[in-house]
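Scroll down for the structure; my scribbles are underneath it.
The values are calculated or read from the model by the stated rules, or taken from the named source; none is laboratory data. What you see is a predicted model; the values in this text were computed from it and never measured. Here Cβ is always computed from backbone atoms with ideal geometry, including for glycine, and neighbour counts include all displayed protein chains. Accessible surface is based on the protein model in full, side chains and every heavy atom, while ligands, DNA and RNA are left aside. Shrake-Rupley method; radii C 1.70, N 1.55, O 1.52, S 1.80 Å.
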Amino acid sequence: MISLFFRRGSSGVSVIGYGAGLCLVVALTAGGVRAQGFDVYEQSACAMGRAETGVAAPCGDGSTILYNPAGLVGQPGWSASAGVTLIRPVGGFTDDATGQTFDGDDAALPAPHAYLRYGAGRWAAGLGVLSLYGLRTRWENPDTFIGRFLSYDSALESIYFQPTIAYRISDRLALGAGFDVVVSTVELNQRIDLGPVPALAPGVPPGTTFEQLGIPPGTDFADAHLEGDPATGFGGHVGALLRLTDRIRLGARYLSPVTIEYEGDAVFEPVETGIVLPEGNPLGLPAGTSLDAVVAGIGFFESFLAPQAVSTEVTLPAQFVVGLSLAPAPPLLLLFDYQWTGWSTFDVIVLDFETAPDDVSPQNYRDTSTLRIGAEYALSPGLRVRAGYAFSEAATPNETVTPLLPEADRNHFTVGLGWDLAPGFALNASYRYLDQQDRRGRIRDPLPGAEPTVALNSGVYRFNGHLLATTLTARF
């Protein structure tokens, strides 16, 4: 968030970011509409139709590379799949003081996925390419959005490349494992408030801010743009699949954490306040003097807000999933999954500016659980219907719910359809309605050095989401 402020120190005035920025790691949507934190788990239309219950009975579209790599074995020859999930969030923020509601941008955003696999006997190998963690938080009307001093448009994209192999040890047990090569980019846009900036003008006592001189809080005077160069991190994933009986299977999958070190640039552009100083103003300047001329004369954009390098480090969390599949009758398949995600690694963000002091911002994310129930029924050998339900906890604690990721506990309802178009070709489609509970949050950062607290929460975030996924698979 790079909400910038200025402070006097032994070396004069320095500019630093507070409030952490780069929550740069922070789903693809204005509401962070997915699972927990900024996890984008919808990487298969087949899996999404049954609420991503895939660890004990993976889908046949190659997405088993993600959901359980052990499921790669079993079908000889080649297969290739590609698809996309469109995510459309709907919601906004309602301010306590005014009752005014500010809407998020509800444009649908794509999350693509692709898989390639080959099987021969007891062995199989594959490659998955997908965006597992990501975020796009964009709010309408950035000039007036009440939370623009934290963020009005930010994005994170992390593309996972997952080369994977699997081996069937016996008729009952299969194992799979692979590497994760993650390429990630970040972007953050926000406004800077003139109010807390020291008025470095002749005759003004040191440390006096523009707000103390009568300038209204929430007066934009700069637009901050941060963009990180593509960065790479490495991890791994393993899975196991156990057939207890012909109708009962167990599965487990672990995805390791991945640390990403971002380096990029911060650029600041002036924003005109349009304020004209009245007669008798505290700066002692003639009536009619432009405040923008005063700010320009101080030289912020030639010194403290000059373009500079910035860097940070983020750890994308680990995941552990266990699941059970039951086939009580041949056309019907029932699935149950439990997922743990280690979001507590997203605890503190440290921003390292090229010329400014480092900034430390607590995020205090907590580990989360997700429960999933799914069902699939074969209406015919080439036509399957699916449905599912999931409940996921929010990773964000009450004190750090902001415009970057205003998430809450969520209920997910899914339906899907699988259709064999022709020999060797299958099309899957699914729909999810995401019902997120309303949650109180803030639109401002705490004062420099202070811990975030629920006392800063000043309104209610409300979001739900509509997701539509399709995946086409070819076998040859």
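Full extension of the segment from Val350 to Leu242, taken as 0.36 nm per residue of separation minus the current Cα-Cα distance, would add 34.6 nm. For region 233-309, GluC sites (Glu not before Pro) are listed when DSSP marks them as loop and at most 15 other Cβ atoms sit within 10 Å of their Cβ; the list is Glu272, Glu279. About the centre of its Cα atoms, the chain shows a dipole size close to 2580 debye [charges on the beta carbon of Lys, Arg (+1) and Asp, Glu (-1) only; nearest 20 debye].
Label sites at Asp409 and Ala97, each approximated as a point 7 angstrom past Cα along Cα to Cβ, lie 3.1 nm apart. Ordered by solvent-accessible area of protein heavy atoms (1.4 Å probe), largest first, the residues Thr414, Thr101 come out as Thr101, Thr414. Normalising the average separation of contacting C-alpha pairs (under 8 angstrom, six or more residues apart) by the number of residues puts the relative contact order of region 112-239 at 22 percent. Select one label from (i) 18, 36, 30, 16, 0; (ii) 16, 33, 28, 14, 7, 2, 0; (iii) 24, 48, 21, 6, 0: the one whose number is P(r) over Cα pairs in 20 Å bins from 0, in percent as derived from the coordinates shown. Calculated P(r) over Cα pairs in 20 Å bins from 0, in percent: the matching label is (iii). Averaging the Cα positions of each part gives two centres, and for region 361-412 and region 425-476 these lie 9 Å apart.
Applied to region 221-233, the Karplus parametrisation 6.51 cos²θ - 1.76 cosθ + 1.60 on θ = phi - 60° returns per-residue 3J(HN,Hα) values of 9, 8, 10, 9, 10, 10, 9, x, 5, x, 10, 10, x Hz, with x for Gly and Pro.
Projected label points at Thr289 and Phe301, each 7 Å from Cα along the beta carbon direction, are separated by 2.0 nanometres. Contact order for region 368-472, expressed relative to its length and based on alpha carbon pairs under 8 Å spaced 6+ residues apart, stands at 24 percent.
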